[in-house]
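The block underneath contains the structure these notes are about, expressed in structure tokens.
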Amino acid sequence: MSIRTLTTLLLFFITIYTRSQLLQNYTLEIAALNSGGDGVPLWLQSLEEGRWNQKDGSQRLVSFCPKYSYKPNTNWLLSAAGEINYNRNVDNLRLHRATLHIQYKFLKISIGRHTFAPIFDQPNNGSGSYLYGNNSRPINRITIGIPQYTALPGRLNNLEIRGGISHGRLDDHFESWSHQSVILHEKYFYLRFNAGRIKPYAGLNHSALLGGYRTDGTKIPIDYWKSFFAKSSDKIGGGDATNAAGAHMGLYDFGFYMENQAGSFHIYYQPPFADKSGMNLFARNKDQIAGISWTPAKSRFLRNLTIEWVNTAHQSGNGMPDAIITLNNGVTQTIIAYQLDDPTFRENLMTNLGVENPETYTKEMVSQYLQNNFNHGNQFGGRDGYMNNGTYPAGWTNAGYIMGSPLNLTQYQLSGIKNTTTNAGDMLIINDRYKAIHAGANGIFNSHFAWHVKITYSHNYGSYYQQYPGRYTWQETSNYFFKNGVNQLYTQLGFLWQPKNIKYLTLSADTGCDYGEILNNYGARIGLHLNF
């Protein structure tokens, strides 16, 4: 059954059986965006669910959003939401969203085209979720879970949980990149201790790409439960037989909520990871998104201030992902870590490498020898390639938009700009290593006039996939653009005005400017919003 059919049936059911109890809301937005330079300023087109083209300088958007909800009693809530957009620079007329929501007490099921953004359960002015989030278009998916923190029963009521699982399908065709019949499997789980004014928590997020087709047209087998638990799969074969089945991204999330006389605070520390080495916190994983979101208790002018530090430059280090060595007889061999547990394997390996007394080499000695002679002294298991994957060159994108942080940059965004795409191959994401400081805030001048601002400064190192083509080599791309890091600044300033006697009307105006060694953009966006 199609998304449109599901939504139509739901609306028919609600209309017939609820009559006057049906709550209805309609939103109409008409907006215009104009920009110059290399493209559209980052904060004018990001975190907007892919409604705007990232490059075109003159765009118009018309968006109509109907929403319906019905609450027959205190336990049940039925709702439906849709959105139809027209932007000829994107997809002309497009069904952007069509979702049916069914909620019973704390459990919620969403069916249809919708976003999946569970990491931040409270809005802030950060740079966006590193994983999931609202930067890319909604896709057709089914999501079930407990979206809000819910206390456990009985004596465990100080412990609160939230979590869910979402299963969707990626079928996008963007420029020369695409996902063809790729399954997007995502899930999260959080545990929080309610100590009153302080609520510490820990969470784990996981996103996986399964199945679909390789770039040569061959079909990729699906081993669902192996991919669910990120285990190796002989069914899929190749690298998945020794690593995890499918492509994987994860995000730890540690932090706490706190309330005092100054207001409410959310402090978070989120290390991303792409494989087993990255799951080794603090030892191999030195990347993080660290932030603080402050909502003042008494300030009218400032409603929220969010400051973030983002570092994704390490990615388990500069060493090759696996040990690919050349023996004395000229044969190339890939060494998997667990093979070194076998004394006979170690002795044969060191014999073929021509060392003296090969039988005396322990596992640690062999590892060190391989690192020194084939990996420039670095540990293997590095160059993780966040949001990228060799099997899926489009990585964690949908129609060209990052399914996560917009600070990752793509070939499309940087096409024609200096030599940024040299030797990039078929990988869409070419800047996934960066360090950034971000500040965002919003507030109100009075009951009719509001403001918001974002400023982000980043130092960008590109991608291991491009710097060392394929990652399994020490031959660097010649004159690599991001070699020593390049600087970039992104800014946005915006205002909202609601006329005193027209409560259903809001006017918006935003300006943005990007300046640096990568992008130089400037632009403005204005909008008219009608809410009935």
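The values are calculated or read from the model by the stated rules, or taken from the named source; none is laboratory data. Here the structure is a predicted model, which is why all the values come from computation and not from measurement. All Cβ positions, even for glycine, are placed from backbone atoms using ideal geometry, and neighbour counts span all protein chains on display. The accessibility values were calculated without ligands, DNA or RNA, using every heavy atom of the protein model including side chains. Shrake-Rupley method; radii C 1.70, N 1.55, O 1.52, S 1.80 Å.
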Normalised contact order of the chain, rounded percent, pairs of Cα under 8 Å and 6 or more residues apart: 14
Folded to 0 to 90 degrees: helix 363-374 orientation relative to the chain principal axis, Cα: 80
Rel. contact order, % - alpha carbon contacts under 8 angstrom, at least six apart, segment 318-414: 27
Cα-Cα pairs of segment 367-519 separated by more than 21 Å (percent): 57
In Å², nearest 10: area of residue 477 left accessible to a 1.4 Å probe: 10
Sequence-separation-based contact order of segment 425-532, relative, with Cα cut under 8 Å and 6+ spacing, percent: 21
Segment 300-425: equivalent-ellipsoid semi-axes (sqrt of 5 x gyration tensor eigenvalues, Cα, Å): 42, 19, 12
Accessible area in the full protein assembly, largest first, 1.4 Å probe, for 108, 500: 500, 108
Cα centroid of segment 457-532 to Cα centroid of segment 382-410, whole Å: 16
Cα centre as origin, Lys/Arg/Asp/Glu Cβ charges: the chain dipole, Debye: 2300
Rounded to 10°, Cα long-axis angle of helix 343-352 versus longest principal axis of the chain: 70
Out-of-range pairs (alpha-carbon distance over 19 Å; input 286/435; 231/276; 187/226; 286/454; 71/108; 418/454): 286/454; 418/454
Accessible area in square angstrom per residue, segment 445-484, 1.4 angstrom probe: 48
Table column - 3J(HN,Hα) (Hz), segment 205-219, Karplus curve with 6.51, -1.76, 1.60, x for Gly and Pro: 10, 9, 10, 9, 9, 10, x, x, 10, 6, 5, 8, x, 6, 7
Residue-averaged [θ]222 nm for the chain, counting only DSSP H segments that reach four residues, each worth -39500 (n - 2.57): -2500 deg cm²/dmol
Surface per residue (accessible, 1.4 Å probe) for segment 175-214, Å²: 42
Separation of alpha-carbon centers, segment 25-43 and segment 264-308, rounded to whole Å: 28
The chain - percent of accessible surface contributed by carbon and sulfur, probe 1.4 Å: 56
Accessible-area value, residue 71, 1.4 Å probe, nucleic acids and ligands omitted, Å²: 110
Segment 310-412: GluC sites (Glu not before Pro) falling in loop per DSSP and having at most 16 other Cβ within 10 Å: 356
Kirkwood Rh and Cα Rg combined as Rg over Rh, evaluated for segment 64-211: 1.01
Compactness of segment 172-221 as Cα Rg over 2.2 N^0.38 Å, two decimals: 1.92
Spherically averaged projected area of the chain from its Cα convex hull (nm²): 28.3
Solvent-accessible heavy-atom area per residue, rounded to whole Å², over segment 372-441 at 1.4 Å: 27
Accessible-area ranking of 167, 206, largest first, probe 1.4 Å: 167, 206
